[in-house]
Amino acid sequence: MTSKQVITVFGATGAQGGSVARAILKSKKFSVRALTRDVTKPKAQALRDLGIEVVKGDLNDKASVEAALKGAYGAFLVTNFWDHFSKEKELNQGKLVADTAKRLGLKHVVFSGLENVKRLSGGKLEVPHFDAKGEVEEYFWSIGVPMTSVRVAAYFENFFTAWKPVKASDGDYYTLTLPMGDIPMDGISVADVGAVVSSIFNSPEEFSGKAVGLSAEALTPQQYADVLSKVLGKDIRDAKITPEAYEKLGIPVAREIANMCRFYQTRPDRDVQLTHRLNPKVKSFSQFISENQGAFNGL
Ligand SMILES: NC(=O)c1ccc[n+]([C@@H]2O[C@H](COP(=O)([O-])OP(=O)(O)OC[C@H]3O[C@@H](n4cnc5c(N)ncnc54)[C@H](OP(=O)(O)O)[C@@H]3O)[C@@H](O)[C@H]2O)c1
């Protein structure tokens, strides 16, 4: 029996890494080594139940990152800004994986990156959870690691949480608060990201050294509201909020999200056609909401 080459997956107990680990396993070309800080958690056990090797490690710990990458062909890296809200920490974690991948001679890394908005806007806009990933992208390439960056559009799953329609105080309708004006915003179900990444690992010669923007489709807030109304049978309306008004809502990370939407309004490159080629089963927003109506119970 020939043993398969290994891809180390960071974040495999989470949304992106979990989708990637399962898709790589399904494609049967590579075996998966998953890293988690807590090997006893149910999500780690669920990975073991699938036959995935689970190892203990922490992106803040050099020795454990080295051990997780040793002998691997490649790696998928997602760093979680929302774990600590620190651009510096996210940068350090990304650079640690980049340096280790370089030293160990990994053949292909897929990094969940995003644009360095601060640099692209000449310092006018800061979106720390984008900027850190943009700097990590630049670092990987500057030291010569064969890396593909996947710039994942806003998750459709955000409509279950931060962007869930809210009941209006003055009538029997709901509002969707997305400060995008009439400009389409790209989206994708995070569950569909894994198959795209697996396809990228299967074609390193086509994708190494490139950034790929992933999107199932781009809809305006009005169109997102229309799909939600139709599928859920409720009256859901675009709140028509500006980024300036959004910043004043007093909600957590309002400025960061307002600036992200200001950047999204410039329509950064997300390639819907390529995303569909790499994952022909990628779901539209309408399909996604139809299949997840339970998440809106109680609306
Ligand atoms: N939400 C969106 O629309 C969207 C769109 C594009 C990009 N993103 C980016 O996606 C990232 C979050 O990814 P996700 O949605 O997959 O998050 P998630 O579901 O919360 O999972 C986070 C994962 O990161 C791992 N992790 C966190 N800190 C770690 C550390 N110090 N060492 C090792 N592993 C660590 C966790 O593993 P353990 O806890 O098991 O150790 C977990 O598997 C964010 O940076 C965000 O900017 C989000």
Peptide ranges 62-71, 265-274, 21-30 listed from the most packed, as the mean C-beta count within 10 angstrom indicates: 21-30, 62-71, 265-274
Reference-scaled alpha-carbon Rg (2.2 N^0.38 Å with N residues) for the chain: 1.02
Gaussian network model of the chain, springs between alpha carbon atoms under 10 Å - residue of 85, 140, 156 with greatest fluctuation: 85
Is it possible to state the helix-based mean residue ellipticity at 222 nm for the chain, with each DSSP H run of 4+ residues giving -39500 (n - 2.57), the sum divided by total residues, to the nearest 500 deg cm²/dmol? What is it? -11500 deg cm²/dmol
For residue 297 and residue 103, calculate 0.36 nm times their separation in residues minus their Cα-Cα distance, and state this gained length in nm to one decimal. 64.8 nm
Suppose every Lys and Arg Cβ carries +1 and every Asp and Glu Cβ carries -1, with no other charges. What dipole size does the range 36-97 come out with about its Cα centre, to the nearest 20 debye? 20
Computed from the beta carbon distance with a Förster radius of 45 Å, FRET efficiency for residue 38 and residue 248 to the nearest 0.05 stands at 0.70
Take peptides 173-185, 119-131 and line them up by average Cβ neighbours within 10 Å, highest first, as a rough protection proxy. 173-185, 119-131
Going from the fewest other Cβ atoms within 10 Å to the most, one would list 88, 137 as 88, 137
Nitroxide proxy distance, nm - points 7 Å out along Cα→Cβ at residue 49 and residue 266: 4.5
Whole-Å distance, taken between Cα centres, linking the range 27-55 and the range 189-216: 21
To test your reading of the geometry: what angle, between 0 and 90 degrees and rounded to tens, separates the Cα axis of helix 254-264 from the longest principal axis of the chain? 80
Counted charge near residue 14, where neighbours are those whose Cβ lies closer than 13 Å (Asp, Glu -1; Lys, Arg +1): +1
By how many nm would the segment from residue 120 to residue 276 grow when fully extended, if each residue of separation counts as 0.36 nm and the alpha-carbon distance is taken off? 53.4 nm
Please give, to one decimal in nm, the separation of the simple spin-label points placed at residue 162 and residue 95, each 7 Å out from Cα toward the Cβ. 2.6
Dipole magnitude of the chain, debye to nearest 20 (Cβ charges: Lys/Arg +1, Asp/Glu -1, about Cα centre): 840
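Read-outs: derived from the displayed coordinates by stated rules, not from any lab. All values reported here derive from a predicted model rather than from experimental measurement. In this analysis, Cβ positions are derived from the backbone assuming ideal geometry, glycine residues included, and neighbour counts consider all displayed protein chains.
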